[in-house]
Amino acid sequence: MSDGLPTPSAHDGMAAFAAGQKRVYLVRNHEVGDGPDAFAPGLAYDLQAGGGTTTMEFDTARGELVRSWASISGTVRNCAGGKTPWGSWLTCEETTLGIGDGDLTKSHGYIFEVPASGSALTADPSPVPFTAMGRFSHEALAIDPATGCVYETEDAGSNSGFYRFRPNTPGVMEDGGVLEMLGIAGVTRADTRTNQDGEWRDAVWYEIGTPDPVVPSGTTSVFSQGRVLGAAVFGKLEGAWYGNGSIYFAASSGGNAGQGQIFEYDPANQRLRLLFESPSAAVLNAPDNITVSPRGGLVLCEDGDGIEYVHGLTTDGIIFRFIQNNADLRTTPYRGFSQDYRGAEFAGACYSPDGKWLFVNIQSPGITFAITGPWGSGGI
């Protein structure tokens with residue numbers, strides 16, 4: 001990168017921000033685990049953790065990468081996160097590891113803030129976790145700009161929850177707030193993983209008494225606290241994005257076929273519905289990161305089996321293939337990479353603020369693509 005550090009591996013969630021002069025900043029997650037050591041020690045939360053984020057500056061007028069640098073380090077499995085209305089990236093750790101796990105020196109399973117143009121350093125010499133937003137296997141988040149509430153997804157396998165964080169001060173996560181878990185009105189401990197009909201369901205919210213548990217598993221986990229109160233269970237929640245006045249999120253193992261569901265939450269009316277359910281892997285295979293196009297459609301990144309795709313999904317539930325992973329480098333090696341990567345997941349789909357460029361990652365070996373239009377078909 002421009003700061004002299006090698007680019008980390010495992011490209012994942014990402015968002016684009018206006019940088020002026022027809023340039024954008026791209027903040028990109030790297031889903032690296034509790035080792036090796038932090039790739040940028042000066043920006044590390046935990047020197048023994050290998051995850052973090054990097055930031056790129058891209059010139060949309062010339063179609064060129066301008067520069068790149070480390071923006072947070074020393075975290076674990078930065079899977080996805082979410083773009084804030086105030087111009088930063090909230091990066092999420094998909095883990096509950098902590099002291100005593102390997103060589104880790106701190107607790108993990110948190111959300112951190114990364115300014116679009118800089119690093120996560122504050123007055124403190126290291127990045128600061130937002131513990132009130134919960135300690136669990138975070139995947140992604142989306143923010144309702146009308147209220148400042150943060151909606152968070154949990155990727156804990158087949159027993160995952162959907163959460164709302166109500167900040168004490170909208171836009172200032174370090175001021176704390178209240179963490180809640182979604183339930184379905186009239187259905188105690190609802191199971192959304194199968195047999196969903198697509199009708200709107202009124203939501204209720206259950207307050208989590210201990211959002212930062214010392215033991216983040218078993219009966220003291222955030223999920224268990226909400227579940228015992230009556231909250232709903234989802235199947236392996238993944239990406240989330242705000243658009244069209246709604247919060248869209250993916251359940252990659254949900255549905256009667258176990259191939260994935262896309263939910264829509266209406267924050268103004270506090271209600272939830274199933275927007276789309278995959279009937280088979282041939283239609284949609286384990287949706288992961290998602291984004292919403294400026295033209296209203298959804299873009300879904302696959303993390304399933306076989307050749308991977310990015311799909312488009314209209315707001316009335318019509319799905320279509322959009323991008324195919326053809327990164328087979330066995331006959332055309334590039335910079336030392338010479339394997340067949342067509343089965344590697346897509347991740348990090350996001351549009352430039354003007355809607356003219358789509359950016360997306362292939363996680364392995366770690367490739368970021370910049371794609372131009374024209375756009376419009378299918379709402380993307």
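Looking only at the range 46-68, which residues are within 20 Å of the chain's Cα centre (by Cα) and open to solvent by 10 Å² or more (accessible area, probe 1.4 Å)?
Selection gives Met56 alone.
Pull up the range 316-331, narrow it to residues that are buried (at least 17 other Cβ atoms within 10 Å of the Cβ) and among the β-branched types (Val, Ile, Thr), then point me to the one that is nearest to Val292 (Cα to Cα).
The extreme case among them is Ile319.
Pick out the one residue from Ala18, Ala61 that is assigned to a loop (DSSP other than H, G, I, E, B), more than 20 Å from Ile111 (Cβ to Cβ) and out of contact with any Phe, Trp or Tyr (no Cβ under 6 Å at 6 or more places or on another chain).
Ala61
Can you name every residue in the range 354-376 that is in contact (Cβ under 8 Å) with a residue 60 or more places away in the chain and over 18 Å from the mean Cα position of the chain (by Cα)?
Correct list: Asp354, Gly355, Lys356, Trp357, Pro365, Ala370, Thr372, Trp375, Gly376.
Would you call Asp175 open to solvent by 30 Å² or more (accessible area, probe 1.4 Å) and either touching a Cys at 6+ places or on another chain (Cβ under 7 Å) or free of Cβ contacts under 8 Å to residues at least 40 places away in the same chain (or both)?
Yes.
Does Glu113 count as of a type in the set (D, E, K, R), assigned to a strand (DSSP E or B) and either open to solvent by less than 10 Å² (accessible area, probe 1.4 Å) or over 20 Å from Glu174 (Cα atoms) (or both)?
Here the answer is no, as Glu113 does not meet what is asked.
Quick one: in the range 236-281, of everything that is in contact (Cβ under 8 Å) with a residue 60 or more places away in the chain and among the acidic types (Asp, Glu), which residue is most open to solvent (accessible area, probe 1.4 Å)?
So the residue we want is Glu277.
The values are calculated or read from the model by the stated rules, or taken from the named source; none is laboratory data. Owing to the predicted nature of the structure, the values given are computational and were not obtained by experimental measurement. Using ideal geometry, Cβ is built from the backbone for each residue, glycine included, and neighbour counts are taken over all protein chains shown. Areas reflect the complete protein model, heavy atoms only, side chains present, ligands, DNA and RNA absent. Shrake-Rupley method; radii C 1.70, N 1.55, O 1.52, S 1.80 Å.
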